[in-house]
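Worksheet for the structure shown next.
Rule-based calculations on the coordinates, nothing more; no lab input. Model, not experiment: these values are computed from the prediction. As a convention, Cβ positions derive from the backbone with ideal geometry for all residues, glycine included, and neighbour counts pool all protein chains shown.
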Amino acid sequence: MSKYILYLGAVLVIFTISSFQSKPSLKGTWEFAGGIYNGKKEGGPTEYKLQRKYTDIGYEAFASQKGYKTEKYEAGTYVFKGDTCVDTETFSSQPSKITNIPIHYTYTLKNDTLTLKGTLPTGMRVEEYWRKVK
């Protein structure tokens, strides 16, 4: 009987601790650091910066280059579902085939790096790396 009580107590402690874990958030500013597109590795840009400013539920993406006005090029929403981040672009300054189409990415957050890995509706396989700057 005492083993059962100890087991039940351990389960209760684990449940209590896990219920206080906060849901993941991307809140902050992230800078594009490169990626892999259909197996081809590409580094991050050197002449300009691509940044995403995330809130708890959405983001705005900006391109900036010294001597030029910063331009908002994309915005959207995101939600976490298990190990998946569902990203929906709601605005694009350029013609886009993914506006208002939810894209499911497997994500990892490790130190200051966000990795998004998935397949776009066009069939392109992507793995992007974003580094937290703020």
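Would you mind computing the Rg to Rh ratio of the range 90-130 from its alpha-carbon coordinates, Kirkwood style for Rh? Can you show the working numbers first?
Values: Rg = 11.8 Å, Rh = 11.5 Å.
Rg/Rh: 1.02.
In terms of the mean number of neighbouring beta-carbon atoms within 10 Å, the peptides 67-75, 25-33 order highest first as 25-33, 67-75.
Relative to the current alpha-carbon distance between Lys81 and Thr55, full extension at 0.36 nm per residue lengthens the span by 7.7 nm. Alpha-carbon geometry of the range 64-134: the Rg and the Dmax are 13.6, 42 Å, given in that order.
Note on the range 40-80: Cα convex hull, mean projected area over all directions, 4.1 nm². Our estimate of slack between Tyr37 and Leu109, defined as 0.36 nm per intervening residue step minus the Cα-Cα distance, is 24.0 nm.
Annotation: the antiparallel percentage among DSSP beta bridges lying fully within the range 85-134 is about 95. Note on Thr119 and Gln94: with the Förster distance fixed at 30 Å, the Cβ-Cβ geometry gives a FRET efficiency of about 0.90.
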